[in-house]
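First the structure, in the form of structure tokens, and then the observations on it.
The values are calculated or read from the model by the stated rules, or taken from the named source; none is laboratory data. Only a predicted model underlies this, so the values are computations on that prediction, with no experimental measurement involved. Here the Cβ positions follow ideal geometry from the backbone for every residue, glycine too, while neighbour counts run over all protein chains shown.
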Amino acid sequence: MSTHVYAERRARLAAQLGPQGIALIPTAPERPRNRDSDYLYRHDSYFYYLTGFTEANAWLVLTGDGKSRLFCQPKDMEREIWDGYRLGPDAAPGALGVDEAFAVGELEAHLPKLLENRDAVWYPFAIHEGLESRVGGWLSKVRARVRYGAICPEQQRDLCGLLDEMRLVKDAHEQDVMRRASAISARAHVRAMQTSARMLRAGQEVREYHLDAELLHEFRAGGSQYPAYGSIVAAGANACVLHYRADAAPVKAGDLVLIDAGCELDGYASDITRTFPANGKFSGPQRAVYDLVLASQDAAVAATRAGARFIDPHEATVKVLSQGLLDLGLLDRNQVGGVDDVIEKRAYFPFYMHRTGHWLGMDVHDCGSYVEPSEVGNGSERRDPLSDEVIVNRPSRILRPGMVLTIEPGLYIRPAAGVPEQFHHIGIRIEDDAIVTATGCELITRGVPVKAEEIEALMRG
């Protein structure tokens with residue numbers, strides 16, 4: 001991407017710092033996995049959003065006058081033989097469009113001088129361990145110079161709020177990357193579905209890790225850098241564990257398989273969930289529950305558009321699921337009443353215990369407030385019927401074109417008193433990624449089928 005995009009973002013942020021403000025943004029540290037080995041490195045999203053720079057051990061310092069300074073690893077031919085190419089401070093201004101660049105080892109010497117005579121220092125709160133104490137140390141050095149006329153910043157402010165609002169609405173380039181990431185992930189889901197059916201037809205043993213391997217293959221073959229999160233590949237009863245990770249459980253004919261997986265491409269996540277019959281054919285109870293979840297997703301999609309509230313898709317989902325739970329006999333009308341009673345009492349909660357979506361972007365659970373900023377003070381209290389906890393309801397975020405969110409209803413049916421046996425251990429979730437538009441939303445993950453009959457047809461192929 002052109003450095004102009006990052007420069008424009010830095011300028012927008014600088015304008016919000018105040019003329020004498022300063023912002024400090026470190027990237028993520030490298031983290032050891034075991035002796036002489038680090039976890040696969042992934043940059044900090046805020047830092048990358050403002051620089052496009054993926055090397056570790058780097059900082060961006062931005063001042064209210066719009067000037068940007070990068071601190072990065074110096075060129076070191078010996079270390080580069082072992083660890084790979086470094087851009088270095090001499091090449092950074094030309095390559096990244098920053099005003100100045102220095103070796104990261106000079107950070108301690110520069111920061112007290114840069115903080116001097118500023119009125120506010122901004123940095124991301126509660127993200128980088130030890131950052132608050134480092135800022136405190138630099139401010140102490142500024143205070144030591146007040147007798148010489150130096151002014152120490154009186155305010156420390158959380159930079160996350162400003163950057164979260166900027167990142168919440170995706171520009172055309174970001175949307176394009178997310179479409180491409182979604183296409184790669186959709187192909188991976190298709191590959192896993194077809195592999196499951198093909199191996200079972202051939203009489204081969206299938207385990208969750210076999211399908212996980214197919215996902216990873218397609219992610220990398222499509223050019224993505226890595227999974228956006230730990231893939232969930234859950235066969236049979238494992239699908240009723242929301243954050244189950246792909247393991248070694250057998251995938252058997254007659255089971256449902258829930259796969260929640262997406263790749264990350266050029267810093268942006270995709271997030272798809274599909275639930276399919278391992279051998280390519282839904283049973284009657286499986287199909288009944290699947291069609292109910294899909295109908296609830298259809299209702300949520302219809303409720304997703306500019307001007308609607310973030311909560312609207314969830315409420316549309318809950319209404320459809322609640323009616324369906326009554327119709328299928330999973331909830332007893334004589335005990336819970338009608339659909340309005342189910343919703344009011346949250347009687348659906350044993351089967352559907354999560355929200356219908358979240359923001360999506362650089363992070364799979366992306367940043368951004370779920371409360372409408374102009375209406376934060378309009379809260380009202382309610383008592384939760386299940387926990388008896390007093391909860392403050394605040395007006396949900398108003399959706400705007402360019403916001404990206406997931407739409408992911410589900411039902412998770414564990415054995416329990418009153419639950420018909422034919423539904424035991426059925427776990428179903430259907431998740432798509434949606435870009436909000438003026439008239440509705442664009443589902444960017446439908447490269448993998450979602451209707452039951454289309455999934456069955458795909459798996460026959």
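Before moving on, here are some points about what is shown:
- Considering the stretch 54-126, the qualifying strands (runs of 3 or more DSSP E), each wholly inside and each with 1 or more residues that are hydrophobic (A, V, I, L, M, F, W, C), over 23 Å from ARG42 (Cβ atoms) and in contact (Cβ under 8 Å) with a residue 40 or more places away in the chain, run over 120-123.
- Residue check, ASP433 surrounded by 12 or more Cβ atoms within 10 Å (Cβ to Cβ), touching a Leu at 6+ places or on another chain (Cβ under 7 Å), among the acidic types (Asp, Glu) and under 27 Å from ILE232 (Cα atoms): yes
- Residues of the stretch 438-461 satisfying the condition of being assigned to a loop (DSSP other than H, G, I, E, B) and under 15 Å from LEU360 (Cα atoms): ILE444, THR445
- Only one of the numbered conditions (1) within 28 Å of SER133 (Cα to Cα); (2) surrounded by 13 or more Cβ atoms within 10 Å (Cβ to Cβ); (3) out of contact with any helix residue (DSSP H, G or I) (no Cβ under 8 Å at 6 or more places or on another chain) is not met by TYR39, and that is (2).
- Meets criteria (touching a Pro at 6+ places or on another chain (Cβ under 9 Å) and without any contact (Cβ under 8 Å) to a residue 60 or more places away in the chain) for GLY21: no
- Among (1) touching a residue at least 12 places away in the same chain (Cβ under 8 Å); (2) more than 30 Å from ARG42 (Cβ to Cβ); (3) out of contact with any Leu (no Cβ under 8 Å at 6 or more places or on another chain); (4) among the polar types (S, T, N, Q) - the single one THR356 does not satisfy: (2)
- Count of residues meeting criterion [crowded, with 19+ Cβ neighbours inside 10 Å and more than 19 Å from VAL289 (Cα to Cα)] in the stretch 320-357: 1
- Any hit, the stretch 130-141, residues being among the aromatic types (Phe, Trp, Tyr), surrounded by fewer than 19 Cβ atoms within 10 Å (Cβ to Cβ) and farther than 20 Å from PRO19 by Cβ: no
- Only one entry of ARG179, ARG157 meets the criterion of being buried (at least 17 other Cβ atoms within 10 Å of the Cβ) and part of a strand (DSSP E or B), and that entry is ARG157.
- Residue within the stretch 29-41 that is among the small types (Gly, Ala, Ser) and under 16 Å from ASP99 (Cβ atoms) present: no
- Candidates GLY377, GLY440 - the one that is closer than 27 Å to LEU265 by Cα and either at pLDDT below 95 or over 20 Å from the mean Cα position of the chain (by Cα) (or both): GLY440
- Count of the stretch 344-403 residues which are in a strand (DSSP E or B) and either of a type in the set (Gly, Ala, Ser) or in the same structural domain as HIS43 (by TED's automatic domain parsing) (or both): 2
- In the stretch 126-174, the residues that are in contact with a Leu (Cβ under 7 Å, 6 or more places away or on another chain) and among the hydroxyl-bearing types (Ser, Thr, Tyr): none
- Among strands (runs of 3 or more DSSP E) entirely within the stretch 187-301, having at least 1 residues that are out of contact with any helix residue (DSSP H, G or I) (no Cβ under 8 Å at 6 or more places or on another chain) and among the β-branched types (Val, Ile, Thr) singles out 232-235, 272-277.
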